[in-house]
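*Asks:* Mind having a look at this structure? Questions to follow.
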Amino acid sequence: MKKLNGIHHITAMTSSAENIYKFFTDILGLRLVKKTVNQDDISTYHLFFADDIGSPGTDMTFFDFQGIQKGIKGSDEIGRIGLRVASNESIDYWIKRLNHYHIDIDEVNGLFNRRMLYFNDFDGQEYAIVSDEGINGVEGGIPWKKGPVPNEYAIIGLGPIFLRVKDKERIHHVLTEFLKFDLIESVDNFSLYEVGKGGNGASIIIDHQAQLRSASLGYGSVHHMAFRINDLDHLNQWIDRLNTIGARHSGLVDRFYFKSLYTRLYPNILFEFATEGPGFIDDEESYENLGESLALPPKLRSERKAIEDYVRHIDTLPKAYEKEYFNE
């Protein structure tokens, strides 16, 4: 069967939909391409931030479950989220940008020949801006043309994704035998795996932390990560494969913007398989007005009035940004 195409999206949990909207648009310069609700819990917003057109492999999404506690970091969780930029020069720009916005950073040079910046958001969610320079593989997306970050320095996708785990042998088996990743290199407690075309957009970094206690989900935690697959036929192949290895799974779940399949192949870590399309430009929203109003999949549209009355309003009308350059 055809291998996975790379990383499709990451879904995390936040304490504030309003604040994560400001953080991702005003500071990180990603476009809100869909403002909708959790299809399994309509009291919860589901916000999708991505490149200019909402390309698969570029979208970072958030739930704002009400009343949840803060997540506790530890092992057996999806830990740090890689955000791709095109060059090492872009890293220099992001040092200036994050310093300007008073965000603490920790520069990491040379991990698997990649230059990275580690930082956290207001919830303690962990990120790394990662340079694509010298790294071949899955292509990046299209910079948000009307966003605040100059196009040449913009975030163009997701990856690598860091998994912090206790059982190194078990996750190696899951990645190589079940998901058909290749082990590329190991350095100290880190191991780099790639699938398909490889590169940052198709990479997982395992951070082996056997002594840490198990993590607990909450805001500031990643809910799940999704892998890119071609289409419904490819998804059905993965259903057959999961059945063959005896893995429990959700079966086909139609999310309208893509079709999905969910499974846990390693304790506490939820994997999703998501189709490349149809995407976020749909019968409700054109390219020009993505993310401006509350969007609903067809199965929820008959309940629009009740949903709009129930969820609080969040103003996501477009802002007029100037491209921000930071001189020494």
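*Asks:* With the cut-off at 31 Å, tell me which of the pairs K70/K96; K2/K22; K3/K168; K3/K319 have Cα atoms farther apart than that.
*Replies:* Correct reply: K2/K22; K3/K319.
*Asks:* For the chain, what does the helix formula give at 222 nm: sum of -39500 (n - 2.57) over DSSP H segments with n ≥ 4, over the residue count, nearest 500 deg cm²/dmol?
*Replies:* The helix contribution divided over the chain gives -4000 deg cm²/dmol.
*Asks:* Extending each Cα 7 Å along its Cβ direction at D92 and E152, get the distance between those two points in nm, one decimal.
*Replies:* 1.0
*Asks:* While we're on this one: Lys/Arg Cβ at +1, Asp/Glu Cβ at -1, dipole of segment 183-315 taken about the Cα centre: which of S214, Y310, N236 is farthest positive-ward?
*Replies:* S214
*Asks:* Taking the Cα centroid of segment 1-41 and of segment 122-164, what is the distance between the two, rounded to the nearest whole Å?
*Replies:* Distance between centres, Cα-based: 13 Å.
*Asks:* State, to one decimal in nm², a quarter of the convex hull surface area for the C-alpha atoms of segment 7-310, i.e. the direction-averaged projected area.
*Replies:* Result: a mean projected hull area of 15.0 nm².
*Asks:* Excluding same-chain residues fewer than 8 positions from K166, which lysines have a Cα within less than 17 Å of its Cα?
*Replies:* K73
*Asks:* For R301 and Q69, what is the calculated FRET efficiency with R₀ set at 30 Å and r taken between the beta-carbons, to the nearest 0.05?
*Replies:* So the FRET efficiency works out to roughly 0.35.
*Asks:* Taking the dipole about the Cα centre of segment 120-211, with the C-beta of Lys and Arg at +1 and of Asp and Glu at -1, give me whichever of I129, N189, A154 is farthest to the positive side.
*Replies:* Value computed over the given set: A154.
*Asks:* Write down the Å³ per residue value for the convex hull defined by the alpha carbon atoms of segment 113-257.
*Replies:* Spread over its residues, the Cα hull of segment 113-257 gives 164 Å³ apiece.
*Asks:* On to the next question. Taking the Cα centre as origin and putting +1 on Lys and Arg beta-carbons and -1 on Asp and Glu beta-carbons, what dipole magnitude results for the chain, to the nearest 20 debye?
*Replies:* 680
*Asks:* Starting with the highest mean, order 259-266, 100-107 by the number of other Cβ atoms within 10 Å, averaged over the residues of each peptide.
*Replies:* Top to bottom by mean Cβ count within 10 Å: 259-266, 100-107.
*Asks:* Taking a cut-off of 18 Å between Cα atoms, list the lysines near K305, but don't count ones fewer than 8 places away on the same chain.
*Replies:* Straight-distance partners of K305: K35.
*Asks:* Sketch the reach of a paramagnetic label on R312 as a point 7 Å from Cα along Cα-to-Cβ, and name the residues of segment 207-228 whose backbone nitrogen lies under 20 Å away.
*Replies:* 218-221
*Asks:* Still on this structure, I have one more. Which Cα, out of I245, Q69, G57, lies furthest along the positive dipole direction of the chain (beta carbon charges, K/R +1, D/E -1)?
*Replies:* I245
*Asks:* What does the charge dipole of segment 194-242 about its Cα centre add up to, to the nearest 20 debye, if the Cβ of each Lys and Arg holds +1 and the Cβ of each Asp and Glu holds -1?
*Replies:* Taking the Cα centre of segment 194-242 as origin, the dipole is about 180 debye.
*Asks:* Using DSSP to define loop residues, name the chymotrypsin sites (Phe, Trp or Tyr not before Pro) in segment 273-328 whose beta-carbon has at most 16 other beta-carbon atoms within 10 Å.
*Replies:* Y287, Y321, Y325, F326
Any read-out appearing in this document is the output of simple, stated calculations on the displayed coordinates, not a laboratory observation. Keep in mind it's a predicted model, so treat the numbers as computed, not measured. All Cβ positions, glycine included, derive from the backbone under ideal geometry; neighbour counts span all protein chains shown.
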